[in-house]
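Participant: Quick one: the structure is below, questions incoming.
The values are calculated or read from the model by the stated rules, or taken from the named source; none is laboratory data. In this text, all values refer to a predicted model and were calculated from it rather than measured experimentally. Cβ placement follows ideal geometry from the backbone for every residue including glycine, while neighbour counts extend to all protein chains displayed. Side chains included, ligands, DNA and RNA excluded: accessible areas come from the protein's heavy atoms. Shrake-Rupley method; radii C 1.70, N 1.55, O 1.52, S 1.80 Å.
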Amino acid sequence: MNTKLTLRLDDHLIESAKEYSAKTGKSVSKIVSDFFVIIKNEKLKKSCSITPTVQSLKGVLKHSEFSEKDYKNYLEEKYL
């Protein structure tokens, strides 16, 4: 269930949030929600050492044609 929440913030923080929202394509509500998830998971950090974003990506490429070697080659080409 979603519930409305009103936040009072400095104008410059609101503007920064809107700019970040436009850049990432996420709503300000989603950004705030993600932040609260991070805070919640900080309490659970002992049992889960990876971030929620990384956790959500875990296994995405499991049935992919790309291998770990392909990824390492990509990183070498990108950063060397």
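Participant: Looking at V37, V54, can you tell me which residue is out of contact with any Phe, Trp or Tyr (no Cβ under 9 Å at 6 or more places or on another chain) and loosely packed, with under 12 Cβ neighbours inside 10 Å?
Facilitator: Step by step, each of V37, V54 is checked, and only V54 is out of contact with any Phe, Trp or Tyr (no Cβ under 9 Å at 6 or more places or on another chain) and loosely packed, with under 12 Cβ neighbours inside 10 Å.
Participant: Does region 13-34 contain any residue that is surrounded by 11 or more Cβ atoms within 10 Å (Cβ to Cβ), of a type outside the set (F, W, Y) and in contact with a Cys (Cβ under 9 Å, 6 or more places away or on another chain)?
Facilitator: Among the residues of region 13-34, not one is surrounded by 11 or more Cβ atoms within 10 Å (Cβ to Cβ), of a type outside the set (F, W, Y) and in contact with a Cys (Cβ under 9 Å, 6 or more places away or on another chain), which makes the answer no.
Participant: Of (1) touching a Pro at 6+ places or on another chain (Cβ under 6 Å); (2) open to solvent by 100 Å² or more (accessible area, probe 1.4 Å), T3 satisfies all except one. Which?
Facilitator: Exception for T3: condition (1).
Participant: Let me ask something else about it. Which one of K4, K26, K43 is of a type in the set (D, E, K, R) and in contact with a helix residue (DSSP H, G or I) (Cβ under 8 Å, 6 or more places away or on another chain)?
Facilitator: The unique qualifying residue is K26.
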